[in-house]
Amino acid sequence: MRPTAIDALLQETRVFPPSEEFKKQANVNDPKIYEEAAQDYLAFWARCAEMLDWFEKWHTVLEWNPPYAKWFIGGKLNACYNCVDRHVKTWRRNKAALIWEGEPGGERVLTYSDLHREVQKFANVLKSLGVRKGDRVCIYMPLIPEVVIAMLACARIGAPHSVVFGGFSAEALADRINDAQAKVLITADGGYRRGSIVPLKRNADEALKNAPSIEKVVVYQRLGTDYNAPMTPGRDLWWHELMANAPLVCEPEPMDSEDLLYLLYTSGSTGKPKGIMHTTGGYMTGVTVTTKWVFDLKDEDVYWCTADVGWVTGHSYIVYGPLANGATCVIYEGAPDYPDRDRFWAIVEKYRVNILYTAPTAIRAFMKWGEQYPKKHDLSSLRLLGTVGEPINPEAWMWYHEHIGGGRCPIVDTWWQTETGAIMITPLPGIVATKPGSATRPFPGIFPEILDDAGNPVGIDRGGYLVITKPWPAMTRGLWGDPERFKQTYWSKYEGIYFTGDGARRDSDGYFWLLGRVDDVINVSGHRLSTMEVESALVDHPAVAEAAVIGVHHEIKGQGIAAFVIIKEGYTANESLKDALKQHVVQKIGAIARPDQIFFTADLPKTRSGKIMRRLLRDIAEGRALGDTTTLADPAVVQALKEKYEGQEE
Ligand code: ATP
Ligand code: MG
């Protein structure tokens, strides 16, 4: 028998084919697309690249010197032109591009023409501050239309942006500015989150004490004149004052297909964040075609991706992908539970949102709060739902399907990474029947494989390491300033093959099931268990909203299983529930996966993008000092958990 990398034990048999009605109207509904792409993936991607407007066409589709790929060589284009200018030349010029809602209330609608004007003016502002093609610009803003304007203005003049999520601390911001050696910082006086003010400018000032590369700071006035943001004369400038005098016209810079569009730091779930580089032609091709096909995006749709632009999901599926398609995008500044836990559903109802793309972490919070919140609103406008960020537990998928999708909306569970740039494994909703918890099939032209340690394919229903065997246009071109780490992290496990760091299995229909990160795999008496499967078995119990599972040292088994469990409102945490949960896991997966310890908790340590950080749970369980915590959403959660854990230990 071949060595398996991960045992895959959890089975799921429910299947949801697309309705005839959905199929008929879908942007892609002919399964031949998969074969065509597999037969000649270069021709396939070249056809996808035609969805963009090029100033000059490429002469060579791909040059592949692993780990470095060049796509659409010789091609010239501009990302901002593709997202804005080309729509202004059509009937879309007065179509809503962004519909923004502020957390404390307030809404703004920007048409493509508005965007065109504002972006050109701000591009001229950047030029007047000395920003030239190739200079890095750091953006640290709340989720307001100006953050999109700033990104597109950078793209217009060829200055790579580095967006830092507005929830990050001064220290995290300084690290990222220094790593990128950014010249200009764009920020705001502050933003709103859960009813409080986030003092962005004060954080930025703190960061700038240790970030000497920044020459100028542009400050957007979000909070207003009553809030006196500190301004340093000579360095800090108000957005509105600069814009008042900015010329209206700024021609887009013709960029080489391989010129850097942006760099962006990963979530830091597994360690210190990495500065991922994305270039122009390949990246834009990947995000444009995936947005159109995966979300089945139509011109008349209202599309809402709930991510922040500070994450890759925001880059690819709020800004570049949807705008390249001329979409109408909702953006919401604040928290899902402010002023109440029905805020998302109120927004869906108000703007008649058709396509909703969110994360499992949010869905599990909605489950915990209860279905009475979505029930208060008319969600009948929704026709497609998406998820990204973590594996989705089958029960969370079912909840999303029933309580948000009204049982009628296809769900696209999209697997991808900051490094992959665009969606890689996903259903095409007019073709592929979905199964709860499976990301289903690779996008056409993408070639994933599941390997064991020795590099052999693992076979049906066996867990292993998810890799990508051929290059794809939106793949990262490397880590900013760290080619060694790039090779080490992704290209050293297997020769010439991209190693994702995630585990997966494939079923007899060829569907992919993501098993979580390989760093998190638990080894119980020689069985390699995926955290995802044990967690999903726990979430399958009616009392459980969310669970995080880790391996802890065990005298006999090598590792035992510790589960940190969040229960739904209305249930009581007690010893008998612990026993019931252990029994439930045994029933779903088998005795091998029986948790040794269960800890009830109100919160789990998560990255600011909402991913569970199991490595910190391991640090807690094994009594170690905590590893890198700079990307943690709320440091108080880990501290409280650490104390509780140490107090509870038998
Ligand atoms: P770091 O690489 O710094 O540890 P990160 O991996 O969390 O951070 P991202 O690039 O934001 O940073 O996240 C990509 C990861 O998110 C994937 O490798 C995978 O583990 C997880 N992921 C994303 N979407 C899905 C999905 N649909 N199903 C399963 N896992 C997913
Ligand atoms: Mg990662």
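The values are calculated or read from the model by the stated rules, or taken from the named source; none is laboratory data. No experiment lies behind these values; they were computed from the predicted model shown. All Cβ positions, glycine included, derive from the backbone under ideal geometry; neighbour counts span all protein chains shown. For accessibility, only protein heavy atoms count, side chains too; no ligands or nucleic acids. Shrake-Rupley method; radii C 1.70, N 1.55, O 1.52, S 1.80 Å.
Table for the structure above
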item	result
Charge dipole (debye, nearest 20) of the chain; +1 at Cβ of Lys and Arg, -1 at Cβ of Asp and Glu	860 debye
Exceeding the 29 Å Cα-Cα cut-off - candidates Lys292/Lys568; Lys201/Lys272; Lys24/Lys568; Lys376/Lys588; Lys201/Lys644	Lys292/Lys568; Lys24/Lys568; Lys376/Lys588; Lys201/Lys644
Calculated FRET efficiency for the pair Ala43/Ala602, C-beta based, R₀ 41 Å, to 0.05	0.15
Residue-span extension gain [Ser113 to Ile592] - 0.36 nm each, minus C-alpha spacing	166.4 nm
Accessible carbon and sulfur surface of the range 1-101 relative to its total accessible area, %, 1.4 Å	51 percent
Point-charge dipole on Cβ atoms (K/R +1, D/E -1) for the range 82-215, about Cα centre, debye to 20	640 debye
Unit charges at the beta carbon, dipole of the chain: most positive-side option, Ser508, Ile149, Ile431	Ile149
Modelled FRET efficiency - R0 22 Å, Asp507 with Thr469, Cβ distances, 0.05 increments	0.65
Residue-averaged [θ]222 nm for the chain, counting only DSSP H segments that reach four residues, each worth -39500 (n - 2.57)	-8000 deg cm²/dmol
Nearest-ten-degree value, helix 170-180 long axis tilted from longest Cα axis of the chain	70 degrees
Within-15-Å neighbourhood charge of Gly190 [Cβ basis; K, R +1; D, E -1]	-3
0 to 90° range, to nearest 10: angle between helix 360-369 axis and the chain longest Cα axis	70 degrees
Gyration tensor (alpha-carbon) shape descriptor, the range 351-457, a/c threshold 1.5	prolate
Charge dipole magnitude, Cβ of K and R +1, D and E -1 - the range 219-291, Cα centre, debye nearest 20	440 debye
Potential lengthening between Arg352 and Val249 on full extension [0.36 nm per residue; Cα-Cα distance subtracted]	33.6 nm
Two-site FRET efficiency, Asn178 against Thr90, from Cβ-Cβ distance with R₀ of 35 Å, rounded to 0.05	0.25
Longest to shortest principal axis, alpha-carbon extents of the chain, angstrom	71, 58, 51
Relative contact order of the range 40-196, pairs being alpha-carbon contacts under 8 Å that are 6 or more residues apart, as %	19 percent
Percent RCO, i.e. relative contact order, over the chain, from Cα pairs under 8 Å lying at least 6 residues apart	15 percent
Between helix 112-128 and the chain: long-axis angle, C-alpha atoms, 0 to 90°, nearest 10	70 degrees
Rounded, prolate or oblate (a/c below 1.5 giving rounded, otherwise prolate when a/b exceeds b/c) for the range 105-251 by Cα gyration tensor	oblate
Part-to-part distance (alpha-carbon centres) for the range 528-544 and the range 607-650, which is given in Å	20 Å
Per residue accessible area in Å² of the chain, where ligands, DNA and RNA are left out and the probe is 1.4 Å	36 Å²
Top positive-direction residue, dipole computed over the range 169-225 with Cβ charges, set Ala207, Thr187, Thr225	Thr225
Which of Pro542, Phe72, His553, positive extreme of dipole for the chain (C-beta unit charges)	Phe72
Cβ-defined net charge surrounding Asp509, 14 Å radius [Lys, Arg +1; Asp, Glu -1]	+2
Rounded, prolate or oblate (a/c below 1.5 giving rounded, otherwise prolate when a/b exceeds b/c) for the range 1-150 by Cα gyration tensor	prolate
Backbone N under 19 Å from the Asp340 label point (7 Å along Cα→Cβ), restricted to the range 389-430	404
Net charge contributed by nearby residues that have their C-beta within less than 14 Å of Trp311 (K/R +1, D/E -1)	+2
Accessible-area value, Lys606, 1.4 Å probe, nucleic acids and ligands omitted, Å²	40 Å²
Under 19 Å from the Ser128 label point (7 Å along Cα→beta-carbon), backbone N, the range 225-246	232-246
Computed over the range 413-508: relative contact order in percent, which uses C-alpha pairs under 8 Å that are six or more apart	25 percent
